[in-house]
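Working notes for the structure below.
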Amino acid sequence: MKRKREEEDMDIVWQTPANPPERQDYIFRNGIRYVRPYYFEFIAHVKNRWAGKTIVHMFADEFKGRPYEYYVSAVKCGRIQVDGEMVPVSYIVKSSQKISHFLHRHEPPVMACDVSVLQKEPDVVTVCKPASIPVHPCGQYRKNTVVGILQAEYGLAPLFLHRLDRLVSGLLILARNAPKADIFRQQIEAGLVNKQYIAKVVGEFPEDEQVADANINYDAREGRSVAEIRDSAKGKAATTKFRRISSNGAHSIVLCEPITGRTHQIRVHLQYLGHPIANDMLYLSEQTVDRSSQGTSADRAAFMSNASPVSNVDEKVVKECEGNSNHDFSIDPMCTNCPNLAPKGYDVTEEGLWLHCIRYSGPGWTYECPYPEWAKT
(Lines give C-alpha, C1' and ligand atoms only; values in the text may rest on other atoms or scores of the structure.)
Protein backbone atom coordinates (compact mmCIF):
# COMPACT_ATOMS: atom_id res chain seq x y z
CA MET A 1 0.00 0.00 0.00
CA LYS A 2 1.37 3.41 -0.96
CA ARG A 3 -0.02 6.77 -0.05
CA LYS A 4 0.73 9.97 -2.00
CA ARG A 5 0.56 13.32 -0.28
CA GLU A 6 1.27 16.84 -1.54
CA GLU A 7 3.28 18.69 1.05
CA GLU A 8 5.39 21.79 0.67
CA ASP A 9 5.43 21.29 -3.12
CA MET A 10 6.82 17.76 -2.64
CA ASP A 11 5.24 14.65 -4.14
CA ILE A 12 5.79 12.17 -1.32
CA VAL A 13 5.19 8.43 -1.52
CA TRP A 14 4.45 7.09 1.96
CA GLN A 15 5.33 3.48 2.68
CA THR A 16 3.71 1.06 5.10
CA PRO A 17 4.81 -2.44 6.19
CA ALA A 18 2.92 -3.74 3.13
CA ASN A 19 5.61 -2.29 0.83
CA PRO A 20 8.29 -4.99 0.38
CA PRO A 21 12.01 -4.11 0.36
CA GLU A 22 13.57 -3.86 -3.11
CA ARG A 23 17.14 -4.29 -4.30
CA GLN A 24 17.53 -0.61 -5.19
CA ASP A 25 16.69 0.37 -1.61
CA TYR A 26 20.24 -0.41 -0.47
CA ILE A 27 23.37 1.75 -0.67
CA PHE A 28 26.89 0.35 -0.15
CA ARG A 29 29.65 2.65 1.09
CA ASN A 30 33.02 1.64 2.55
CA GLY A 31 31.92 -1.84 3.59
CA ILE A 32 28.67 -0.62 5.15
CA ARG A 33 25.14 -1.39 3.97
CA TYR A 34 22.77 1.57 4.27
CA VAL A 35 19.10 1.88 3.40
CA ARG A 36 18.08 4.78 1.20
CA PRO A 37 15.91 6.98 3.48
CA TYR A 38 12.21 6.70 2.72
CA TYR A 39 8.88 8.08 3.86
CA PHE A 40 6.99 5.83 6.25
CA GLU A 41 3.75 5.86 8.19
CA PHE A 42 4.03 4.74 11.81
CA ILE A 43 0.73 3.84 13.45
CA ALA A 44 0.04 3.50 17.17
CA HIS A 45 -2.98 3.61 19.45
CA VAL A 46 -3.09 5.84 22.49
CA LYS A 47 -2.24 3.92 25.66
CA ASN A 48 -3.99 4.70 28.93
CA ARG A 49 -0.89 6.40 30.33
CA TRP A 50 -0.75 8.71 27.29
CA ALA A 51 -4.38 9.81 27.55
CA GLY A 52 -4.95 13.36 28.81
CA LYS A 53 -1.74 14.76 27.34
CA THR A 54 -1.58 17.14 24.43
CA ILE A 55 -0.56 15.49 21.17
CA VAL A 56 2.78 17.32 21.22
CA HIS A 57 3.59 16.49 24.85
CA MET A 58 2.65 12.85 24.27
CA PHE A 59 5.19 12.54 21.47
CA ALA A 60 7.87 14.55 23.28
CA ASP A 61 7.50 12.43 26.44
CA GLU A 62 7.20 9.00 24.82
CA PHE A 63 9.37 9.33 21.69
CA LYS A 64 12.48 11.21 22.74
CA GLY A 65 14.45 10.70 19.53
CA ARG A 66 13.39 14.07 18.15
CA PRO A 67 13.23 17.55 19.71
CA TYR A 68 10.02 19.14 20.98
CA GLU A 69 10.07 21.71 18.16
CA TYR A 70 9.97 18.95 15.55
CA TYR A 71 6.73 17.56 16.98
CA VAL A 72 5.16 21.01 17.03
CA SER A 73 5.96 21.44 13.33
CA ALA A 74 4.86 17.89 12.49
CA VAL A 75 1.45 18.42 14.08
CA LYS A 76 0.97 21.80 12.41
CA CYS A 77 1.71 20.49 8.91
CA GLY A 78 -0.23 17.25 9.31
CA ARG A 79 2.61 14.76 9.55
CA ILE A 80 1.15 13.75 12.90
CA GLN A 81 -2.56 13.01 12.77
CA VAL A 82 -5.25 11.61 15.07
CA ASP A 83 -7.81 9.21 13.60
CA GLY A 84 -6.73 10.30 10.13
CA GLU A 85 -7.36 14.01 10.75
CA MET A 86 -5.15 17.03 11.37
CA VAL A 87 -5.43 18.43 14.91
CA PRO A 88 -4.12 21.57 16.70
CA VAL A 89 -0.99 21.36 18.87
CA SER A 90 -3.23 21.79 21.95
CA TYR A 91 -5.32 18.70 21.12
CA ILE A 92 -5.79 16.34 24.09
CA VAL A 93 -5.46 12.67 23.11
CA LYS A 94 -7.91 10.01 24.31
CA SER A 95 -7.33 6.34 25.03
CA SER A 96 -7.36 3.99 22.01
CA GLN A 97 -7.29 6.76 19.40
CA LYS A 98 -5.28 6.00 16.27
CA ILE A 99 -2.12 8.10 15.96
CA SER A 100 -0.31 8.33 12.60
CA HIS A 101 3.20 9.71 12.27
CA PHE A 102 4.41 10.29 8.71
CA LEU A 103 8.19 10.72 8.75
CA HIS A 104 11.38 10.46 6.72
CA ARG A 105 12.78 7.16 7.96
CA HIS A 106 16.53 6.52 8.27
CA GLU A 107 17.47 2.95 9.20
CA PRO A 108 20.64 2.09 11.14
CA PRO A 109 23.49 0.77 8.95
CA VAL A 110 24.88 -2.77 9.11
CA MET A 111 28.03 -4.45 7.84
CA ALA A 112 27.89 -5.06 4.08
CA CYS A 113 28.28 -8.83 4.19
CA ASP A 114 26.23 -11.05 1.93
CA VAL A 115 23.32 -12.96 3.48
CA SER A 116 24.20 -16.18 1.68
CA VAL A 117 21.63 -18.92 1.08
CA LEU A 118 23.09 -22.29 2.14
CA GLN A 119 20.19 -24.63 1.32
CA LYS A 120 16.85 -24.10 -0.34
CA GLU A 121 14.22 -26.80 0.14
CA PRO A 122 10.44 -26.79 -0.46
CA ASP A 123 9.72 -26.12 3.22
CA VAL A 124 13.03 -24.78 4.55
CA VAL A 125 15.70 -22.23 3.66
CA THR A 126 18.95 -21.99 5.59
CA VAL A 127 21.23 -18.97 5.41
CA CYS A 128 24.51 -17.78 6.89
CA LYS A 129 23.62 -14.66 8.85
CA PRO A 130 26.35 -12.01 9.14
CA ALA A 131 26.90 -10.34 12.48
CA SER A 132 25.36 -6.89 13.05
CA ILE A 133 22.22 -7.61 10.97
CA PRO A 134 18.99 -8.22 12.93
CA VAL A 135 16.88 -11.16 11.80
CA HIS A 136 13.49 -9.47 11.52
CA PRO A 137 12.06 -5.94 11.68
CA CYS A 138 12.47 -4.43 15.14
CA GLY A 139 12.99 -0.94 16.49
CA GLN A 140 14.41 1.25 13.73
CA TYR A 141 15.32 -1.74 11.55
CA ARG A 142 12.96 -2.80 8.76
CA LYS A 143 14.73 -3.25 5.43
CA ASN A 144 18.22 -3.70 6.93
CA THR A 145 17.26 -7.12 8.32
CA VAL A 146 17.87 -10.68 7.19
CA VAL A 147 14.20 -11.01 6.23
CA GLY A 148 14.25 -7.73 4.31
CA ILE A 149 17.49 -8.50 2.46
CA LEU A 150 16.34 -12.01 1.50
CA GLN A 151 13.11 -10.60 0.14
CA ALA A 152 14.87 -7.84 -1.80
CA GLU A 153 17.72 -9.92 -3.23
CA TYR A 154 16.20 -13.41 -3.54
CA GLY A 155 12.45 -12.84 -3.57
CA LEU A 156 12.07 -15.13 -0.54
CA ALA A 157 8.85 -14.39 1.34
CA PRO A 158 7.07 -15.12 3.55
CA LEU A 159 9.55 -16.66 5.99
CA PHE A 160 9.01 -18.04 9.49
CA LEU A 161 12.13 -18.10 11.63
CA HIS A 162 13.83 -18.60 14.93
CA ARG A 163 15.77 -15.77 16.57
CA LEU A 164 19.53 -15.20 16.43
CA ASP A 165 20.91 -12.15 18.24
CA ARG A 166 21.84 -9.24 15.99
CA LEU A 167 25.55 -9.32 16.90
CA VAL A 168 25.79 -13.12 16.48
CA SER A 169 26.57 -14.69 13.10
CA GLY A 170 25.97 -18.10 11.59
CA LEU A 171 23.27 -20.59 10.77
CA LEU A 172 19.71 -19.37 10.52
CA ILE A 173 16.85 -21.77 9.72
CA LEU A 174 13.81 -20.29 8.01
CA ALA A 175 10.58 -22.20 7.51
CA ARG A 176 8.76 -21.33 4.28
CA ASN A 177 5.30 -22.05 5.64
CA ALA A 178 3.46 -21.97 8.97
CA PRO A 179 3.05 -25.76 9.40
CA LYS A 180 6.82 -26.34 9.06
CA ALA A 181 7.51 -23.48 11.46
CA ASP A 182 5.15 -25.08 13.99
CA ILE A 183 7.01 -28.41 13.70
CA PHE A 184 10.30 -26.67 14.47
CA ARG A 185 8.72 -24.83 17.39
CA GLN A 186 7.35 -28.04 18.91
CA GLN A 187 10.70 -29.82 18.56
CA ILE A 188 12.55 -26.93 20.21
CA GLU A 189 10.06 -26.71 23.09
CA ALA A 190 10.33 -30.49 23.61
CA GLY A 191 14.12 -30.24 23.89
CA LEU A 192 14.69 -32.31 20.74
CA VAL A 193 16.88 -29.78 18.95
CA ASN A 194 20.64 -29.63 19.52
CA LYS A 195 22.38 -26.29 18.91
CA GLN A 196 26.12 -25.78 18.47
CA TYR A 197 28.09 -22.55 18.35
CA ILE A 198 31.76 -21.67 18.25
CA ALA A 199 33.33 -18.76 20.10
CA LYS A 200 36.75 -17.15 20.28
CA VAL A 201 37.49 -16.57 23.95
CA VAL A 202 40.15 -14.98 26.12
CA GLY A 203 42.95 -17.22 27.40
CA GLU A 204 43.73 -20.92 27.23
CA PHE A 205 40.46 -22.77 27.74
CA PRO A 206 40.73 -26.10 29.65
CA GLU A 207 41.10 -29.25 27.54
CA ASP A 208 38.41 -31.18 29.40
CA GLU A 209 34.73 -30.52 28.80
CA GLN A 210 33.40 -27.70 30.97
CA VAL A 211 29.78 -27.42 32.06
CA ALA A 212 28.40 -24.07 33.21
CA ASP A 213 25.39 -24.76 35.41
CA ALA A 214 24.41 -21.32 36.64
CA ASN A 215 21.15 -19.40 36.58
CA ILE A 216 20.83 -16.51 34.13
CA ASN A 217 19.35 -13.33 35.56
CA TYR A 218 18.55 -10.87 32.76
CA ASP A 219 18.18 -7.16 33.53
CA ALA A 220 16.09 -5.63 30.74
CA ARG A 221 16.88 -2.10 31.89
CA GLU A 222 20.63 -2.68 31.69
CA GLY A 223 20.41 -4.91 28.62
CA ARG A 224 22.68 -7.57 30.09
CA SER A 225 22.55 -10.80 32.07
CA VAL A 226 24.29 -12.01 35.21
CA ALA A 227 25.17 -15.60 36.18
CA GLU A 228 23.88 -16.70 39.58
CA ILE A 229 24.63 -19.86 41.55
CA ARG A 230 22.19 -22.66 40.78
CA ASP A 231 20.44 -22.67 44.19
CA SER A 232 19.89 -18.91 43.99
CA ALA A 233 16.33 -17.64 43.82
CA LYS A 234 17.45 -15.18 41.16
CA GLY A 235 17.25 -15.83 37.43
CA LYS A 236 16.29 -18.86 35.38
CA ALA A 237 18.00 -22.25 35.30
CA ALA A 238 20.58 -22.50 32.51
CA THR A 239 23.18 -25.03 31.40
CA THR A 240 25.84 -24.84 28.68
CA LYS A 241 28.50 -27.39 27.71
CA PHE A 242 31.87 -26.23 26.37
CA ARG A 243 34.74 -28.07 24.67
CA ARG A 244 38.01 -26.58 23.48
CA ILE A 245 38.73 -26.97 19.75
CA SER A 246 42.08 -25.18 19.64
CA SER A 247 44.19 -22.61 21.48
CA ASN A 248 47.26 -20.46 20.91
CA GLY A 249 47.57 -19.50 24.56
CA ALA A 250 46.19 -15.99 24.17
CA HIS A 251 42.85 -17.10 22.69
CA SER A 252 40.90 -20.32 22.31
CA ILE A 253 38.27 -21.53 19.87
CA VAL A 254 35.53 -23.21 21.89
CA LEU A 255 32.54 -25.35 20.89
CA CYS A 256 29.44 -24.24 22.81
CA GLU A 257 26.30 -26.35 23.30
CA PRO A 258 23.51 -24.53 25.14
CA ILE A 259 21.09 -26.98 26.76
CA THR A 260 18.67 -24.19 27.66
CA GLY A 261 17.98 -20.94 25.82
CA ARG A 262 18.35 -17.86 28.02
CA THR A 263 19.21 -14.31 27.01
CA HIS A 264 22.98 -13.98 26.39
CA GLN A 265 23.43 -17.46 27.89
CA ILE A 266 26.64 -18.47 26.09
CA ARG A 267 28.22 -15.06 26.59
CA VAL A 268 27.44 -14.99 30.32
CA HIS A 269 28.47 -18.59 30.97
CA LEU A 270 31.82 -18.04 29.25
CA GLN A 271 32.37 -14.99 31.45
CA TYR A 272 31.31 -17.08 34.46
CA LEU A 273 34.02 -19.64 33.60
CA GLY A 274 36.64 -16.90 33.31
CA HIS A 275 36.95 -17.02 29.51
CA PRO A 276 34.69 -14.34 28.02
CA ILE A 277 34.36 -13.88 24.28
CA ALA A 278 37.45 -11.95 23.24
CA ASN A 279 35.65 -8.99 21.65
CA ASP A 280 32.51 -8.93 23.80
CA MET A 281 32.68 -5.45 25.29
CA LEU A 282 29.47 -6.04 27.27
CA TYR A 283 30.90 -8.92 29.30
CA LEU A 284 34.64 -8.32 29.25
CA SER A 285 36.04 -7.06 32.53
CA GLU A 286 38.92 -4.57 32.56
CA GLN A 287 41.23 -7.37 33.66
CA THR A 288 40.49 -9.60 30.67
CA VAL A 289 40.22 -7.07 27.83
CA ASP A 290 42.75 -7.84 25.12
CA ARG A 291 43.59 -4.34 23.94
CA SER A 292 45.14 -5.63 20.73
CA SER A 293 41.84 -7.17 19.68
CA GLN A 294 39.54 -4.48 21.06
CA GLY A 295 37.55 -3.03 18.21
CA THR A 296 38.19 -6.01 15.94
CA SER A 297 35.17 -8.21 15.38
CA ALA A 298 34.22 -11.11 13.17
CA ASP A 299 32.91 -8.85 10.42
CA ARG A 300 35.59 -6.21 10.72
CA ALA A 301 38.38 -8.80 10.71
CA ALA A 302 36.96 -10.34 7.55
CA PHE A 303 36.95 -6.97 5.83
CA MET A 304 40.48 -6.12 6.99
CA SER A 305 41.77 -9.35 5.44
CA ASN A 306 40.29 -8.60 2.01
CA ALA A 307 41.36 -6.03 -0.56
CA SER A 308 37.79 -5.01 -1.32
CA PRO A 309 35.56 -3.86 1.55
CA VAL A 310 32.52 -5.50 -0.04
CA SER A 311 34.17 -8.64 -1.38
CA ASN A 312 31.81 -10.88 0.62
CA VAL A 313 28.74 -9.49 -1.14
CA ASP A 314 27.33 -10.82 -4.39
CA GLU A 315 29.02 -8.77 -7.15
CA LYS A 316 25.81 -8.24 -9.12
CA VAL A 317 24.10 -6.85 -6.03
CA VAL A 318 27.03 -4.57 -5.26
CA LYS A 319 27.17 -3.14 -8.80
CA GLU A 320 23.44 -2.39 -8.82
CA CYS A 321 23.50 -0.84 -5.35
CA GLU A 322 26.66 1.17 -5.95
CA GLY A 323 25.08 2.44 -9.16
CA ASN A 324 22.16 3.65 -7.13
CA SER A 325 24.55 5.20 -4.61
CA ASN A 326 25.69 7.72 -7.19
CA HIS A 327 22.30 9.43 -7.00
CA ASP A 328 21.56 11.69 -4.06
CA PHE A 329 18.64 10.64 -1.91
CA SER A 330 15.88 13.13 -1.20
CA ILE A 331 16.68 15.54 1.61
CA ASP A 332 13.61 16.22 3.72
CA PRO A 333 13.47 19.77 5.13
CA MET A 334 11.83 18.59 8.37
CA CYS A 335 13.98 15.49 8.92
CA THR A 336 16.24 15.62 11.98
CA ASN A 337 18.62 13.02 10.46
CA CYS A 338 19.16 14.52 6.99
CA PRO A 339 21.55 14.99 5.25
CA ASN A 340 23.19 11.92 6.87
CA LEU A 341 22.32 8.42 5.69
CA ALA A 342 22.42 6.90 9.18
CA PRO A 343 20.15 8.08 11.99
CA LYS A 344 21.75 10.06 14.79
CA GLY A 345 23.22 8.03 17.61
CA TYR A 346 24.24 5.01 15.54
CA ASP A 347 27.89 4.09 15.08
CA VAL A 348 28.51 2.96 11.51
CA THR A 349 31.54 0.95 12.71
CA GLU A 350 29.58 -1.20 15.17
CA GLU A 351 30.98 -4.70 15.16
CA GLY A 352 29.81 -8.27 15.58
CA LEU A 353 30.76 -10.85 18.18
CA TRP A 354 33.16 -13.74 17.83
CA LEU A 355 30.20 -16.05 18.37
CA HIS A 356 28.90 -18.07 15.42
CA CYS A 357 26.17 -20.71 15.10
CA ILE A 358 27.52 -23.72 13.15
CA ARG A 359 24.95 -26.50 13.51
CA TYR A 360 21.32 -27.29 14.36
CA SER A 361 20.07 -30.87 14.47
CA GLY A 362 16.76 -32.49 15.32
CA PRO A 363 14.76 -35.66 14.66
CA GLY A 364 15.91 -36.78 11.21
CA TRP A 365 17.53 -33.50 10.14
CA THR A 366 20.79 -31.56 10.44
CA TYR A 367 21.76 -28.17 9.03
CA GLU A 368 25.26 -26.70 9.12
CA CYS A 369 27.05 -23.43 8.39
CA PRO A 370 30.74 -22.87 7.44
CA TYR A 371 33.20 -21.60 10.02
CA PRO A 372 33.95 -17.84 9.95
CA GLU A 373 37.43 -16.57 9.12
CA TRP A 374 38.26 -15.69 12.73
CA ALA A 375 37.84 -19.37 13.73
CA LYS A 376 40.26 -20.65 11.07
CA THR A 377 43.33 -18.86 12.41
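The values are calculated or read from the model by the stated rules, or taken from the named source; none is laboratory data. Please read these numbers as outputs of a predicted model, since none were measured by experiment. Cβ: placed from backbone, ideal geometry, glycine included. Neighbour counts: every protein chain shown. In case anyone asks, the SASA skips ligands and DNA or RNA and just uses the protein heavy atoms, side chains included. Shrake-Rupley method; radii C 1.70, N 1.55, O 1.52, S 1.80 Å.
What the table below lists for this structure:
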read-out	value
Scattering curve values for region 138-279, log₁₀ I(q)/I(0), Debye with Cα scatterers, q = 0.11, 0.17 Å⁻¹	-0.52, -1.07
Percent breakdown of C-alpha pair distances by 10 Å bin, ordered from the shortest bin, for region 134-211	15, 36, 31, 14, 4
Nearest-10 value in Å² for the accessible area of residue 245, using the 1.4 Å probe	80 Å²
Accessible area per residue, Å², region 50-132 with all protein chains present, probe 1.4 Å	39 Å²
Carbon/sulfur fraction of accessible area - region 98-150, other protein chains in place, 1.4 Å, %	54 percent
Accessible-area value, residue 86, 1.4 Å probe, nucleic acids and ligands omitted, Å²	110 Å²
By average C-beta atoms within 10 angstrom, highest first, the peptides 68-77, 42-51, 351-360	351-360, 68-77, 42-51
Heavy-atom surface of region 209-263, accessible at 1.4 Å and reported per residue (Å²)	56 Å²
Cβ-defined net charge surrounding residue 359, 11 Å radius [Lys, Arg +1; Asp, Glu -1]	-1
Nearest-10 value in Å² for the accessible area of residue 366, using the 1.4 Å probe	80 Å²
Share of carbon and sulfur in the accessible heavy-atom surface of region 163-206 [1.4 Å probe, %]	51 percent
Between region 54-124 and region 131-168, the alpha-carbon center distance in angstrom	20 Å
Solvent exposure, largest accessible area first (probe 1.4 Å, DNA, RNA and ligands not counted), of 164, 118	118, 164
